[in-house]
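The structure appears right after this line, and notes come after that.
The values are calculated or read from the model by the stated rules, or taken from the named source; none is laboratory data. Note that the structure is predicted; figures quoted are calculated from it, not measured. FYI the Cβ positions are ideal-geometry reconstructions off the backbone, even for glycines, and counts take in every protein chain you see.
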Amino acid sequence: MEQARIFAAIALSFAVFLLWEFFFVDKQVLEQPEQSLEIQTNSTEEPYIKEINTESLQSTPLIKEDALTTNKAPRVIRINTPLYSAVISERGAVFKSFVLNNYKESTMPDSPLLEMISPELNNGTIKIGLAGNSIPALNDAFFTTDIKHDTIDINDNSRELSFFWKSSNGIIIEKKFLFSPETYIIGCNVIIKNGSNQTIRDSLILSLFKIYSGDGSMYGFEGPGAFINNSLEQVKIKDIKDKNIYNGELKWTFVQNRYFMSCIIPERPADASMRLFLGQDNIVLENQFVQPESVISPGTQRVFGFHLFMGPRSTKVLSKIGYDLDKAINFGMFDFLAKPCLWLMNFLYDHFISNFGIAIIILTTLIKLVMWPLGTKSYKSMNEMKKIQPLVMELREKHKNDKKKMNEATMALYKTYKVNPIGGCLPMILQIPVFFALYRMLYEAIELRHAPFFGWITDLSAPDRLFDFGFAIPFMEPPYGIPVLTIIMGATMFLQQKISPAMGDPSQAKIMQLMPLVFTVIFINFSSGLVLYWLVNNVLSISQQYYTTNK
């Protein structure tokens, strides 16, 4: 049973190094709180049709592709609010830029504000289309607006902006946006007026576009998804080729990276579809919100109501907005542990100390206090194991040629002295779920983005680096410098190993001696906030072990 300690250590090591992706992407069944924000539309018709008629996808287009062409350069309208600055182009009435005023691209003093829409995304985002392509000219439609000024400042009251497109046979499509100064939510109504003599039978599409490099992050989720059938569905980019259509009651669809997301929210949940597509060498991702098929007879109109969100993945922001948007923040299998830790960290920061590094230290100390009784019992067990270690070695020597008899004699010795050989492993085993929960929380919490601690640690969400060598270092991600905090953490693990009882088996003892080095290499690219947690936890564990042993 003496192998239990080494097994726990190796299990934790390899779990940290290899298994976090498995733990982090598990789907969670989520509850549905009340909505807290509504934007009204003037629609008197039911905008959702339950049954989808796929035969209409082969219908004849209502107008030709070349029916509407223009050589006029598209006009762009800039909308400035206290929270963001958006740019909408007349070509497609799409968002070409969305800059967040409260966030920067980097920690550099001259860093520009954060841009949500990559300049490489030529066609912008929030684009409309029709699944059956019954109006092909809509794919490259040139909208117009009666807005007089190219720049609009919205500081006090909400304001509506409308963009219009009209076909040669009388079909008018309007995209109406409602901007408010106090929220990231943008109202979006798509109004289809059928002034032609033909019936429009098709499914409206509203699309989000996002540029991703590779398959997304290996540390946390980045990619598309939806809140569908009252559950969060996160789709890895590499899995889109296997399944790209998701049907059910959609409350919202989204694309996200580590800290920010863009979201389409229908005015009310609908039995609709999320369809995912990759283009341009699997770099540009399109997430389509596909409405059920609608029938718009000649002389009638249909209003489709949506809300848009482009902003931070912050629990404080999303919980105020409503629509269950706060469910987009999910920390994987151990979300039930991570969420309270995030709340407590923010509570400490807001009410006691305006430094997230110190908040992490206090949070770690509180977690250690909760586990203190178990830790004390474990260290007592380890101390008892240390006392009988000479007897264990004698039995090993005596029965070295009979492994079965050696194990039986060893277990009898443990029973005689009332020693639990696995008692010392308990704190390490219990720390595994806490570690994974805090890892995801500290990695994805936007509160730690660009949050300084002290000295050279100017960003708790990034690895700590003292200096920048300018050349590559094995196992290290850029920037390349001295990982001071990580080295100190490794030293505390080495010290903790020294004061722990030695392993009876020499081969096991050698493996245990490598653990501090292995953990140091693993943690070298982790965020400094997580390394700080592990360092403080080690220091507290050493103190508790020293106190318990001497007492």
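Laid out as a table, the results:
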item: Positions within the stretch 454-469 being in contact with a Phe, Trp or Tyr (Cβ under 9 Å, 6 or more places away or on another chain) and part of a loop (DSSP other than H, G, I, E, B), in sequence order; result: TRP456, ASP459, LEU460, SER461, PRO463, ASP464, ARG465, PHE467, ASP468, PHE469
item: Failed criterion for LYS327 (all others in (1) closer than 16 Å to LEU438 by Cα; (2) in contact with a strand residue (DSSP E or B) (Cβ under 6 Å, 6 or more places away or on another chain) hold); result: (1)
item: Residues that are free of Cβ contacts under 8 Å to residues at least 40 places away in the same chain and either charged (D, E, K, R) or not assigned by TED's automatic domain parsing to the domain that holds ILE185 (or both), drawn from the stretch 76-101; result: LYS96
item: Residue list for the stretch 295-326, restricted to those being among the hydroxyl-bearing types (Ser, Thr, Tyr), surrounded by fewer than 19 Cβ atoms within 10 Å (Cβ to Cβ) and in a helix (DSSP H, G or I); result: SER319
item: Any hit, the stretch 154-172, residues being within 25 Å of GLN256 (Cβ to Cβ) and assigned by TED's automatic domain parsing to the domain that holds ASN257; result: no
item: Options LYS405, LYS386, LYS368: the member that is in contact with a Pro (Cβ under 8 Å, 6 or more places away or on another chain) and of a type in the set (D, E, K, R); result: LYS386
item: Given (1) touching a Ser or Thr at 6+ places or on another chain (Cβ under 6 Å); (2) under 19 Å from PHE260 (Cβ atoms); (3) surrounded by 16 or more Cβ atoms within 10 Å (Cβ to Cβ), index of the condition ILE126 fails; result: (1)
item: From the options ALA451, ALA472, ALA437, residue that is in a loop (DSSP other than H, G, I, E, B), under 18 Å from ILE361 (Cβ atoms), under 30 Å from the mean Cα position of the chain (by Cα) and not assigned by TED's automatic domain parsing to the domain that holds ASN102; result: ALA451
item: Out of LYS377, LYS339, LYS368, LYS386, sole residue that is charged (D, E, K, R), modelled with pLDDT of 85 or more and closer than 25 Å to GLN545 by Cβ; result: LYS368
item: Some residue of the stretch 370-390 being touching a residue at least 40 places away in the same chain (Cβ under 8 Å) and within 15 Å of ALA445 (Cα to Cα); result: no
item: Enumeration of residues in the stretch 102-141 that are charged (D, E, K, R) and touching a residue at least 40 places away in the same chain (Cβ under 8 Å); result: LYS104, GLU120, LYS127, ASP140
item: Single residue of PHE356, PHE260 found to be within 16 Å of the chain's Cα centre (by Cα) and either within 22 Å of ALA86 (Cβ to Cβ) or crowded, with 19+ Cβ neighbours inside 10 Å (or both); result: PHE260
item: Unique residue being at pLDDT 95 or above and part of a loop (DSSP other than H, G, I, E, B) when the list is PRO82, PRO119, PRO109; result: PRO82
item: Number of the exception - GLU249 against (1) within 14 Å of the chain's Cα centre (by Cα); (2) assigned to a strand (DSSP E or B); result: (1)
item: So LYS251, is it farther than 25 Å from ASN122 by Cβ, charged (D, E, K, R) and assigned by TED's automatic domain parsing to the domain that holds ALA93; result: yes
item: Candidate set: the stretch 230-256, residues that are surrounded by fewer than 18 Cβ atoms within 10 Å (Cβ to Cβ) and touching a Lys or Arg at 6+ places or on another chain (Cβ under 9 Å); chosen: the one nearest to GLU105 (Cα to Cα); result: GLU233
item: Lone qualifier among ILE152, ILE172, ILE147 - being assigned to a loop (DSSP other than H, G, I, E, B), surrounded by fewer than 21 Cβ atoms within 10 Å (Cβ to Cβ) and hydrophobic (A, V, I, L, M, F, W, C); result: ILE147
item: Residues of the stretch 390-412 classified as surrounded by fewer than 14 Cβ atoms within 10 Å (Cβ to Cβ) and touching a Gly at 6+ places or on another chain (Cβ under 7 Å), total; result: 1
item: Where LYS243 falls short, out of the listed (1) out of contact with any Ser or Thr (no Cβ under 7 Å at 6 or more places or on another chain); (2) part of a strand (DSSP E or B); (3) free of Cβ contacts under 8 Å to residues at least 60 places away in the same chain; (4) not β-branched (Val, Ile, Thr); result: (2)
item: Test result for SER89, surrounded by fewer than 19 Cβ atoms within 10 Å (Cβ to Cβ), over 23 Å from the mean Cα position of the chain (by Cα) and modelled with pLDDT of 95 or more; result: no
item: Among (1) touching a residue at least 40 places away in the same chain (Cβ under 8 Å); (2) surrounded by 17 or more Cβ atoms within 10 Å (Cβ to Cβ); (3) not in a loop (DSSP other than H, G, I, E, B) - the single one GLY220 does not satisfy; result: (3)
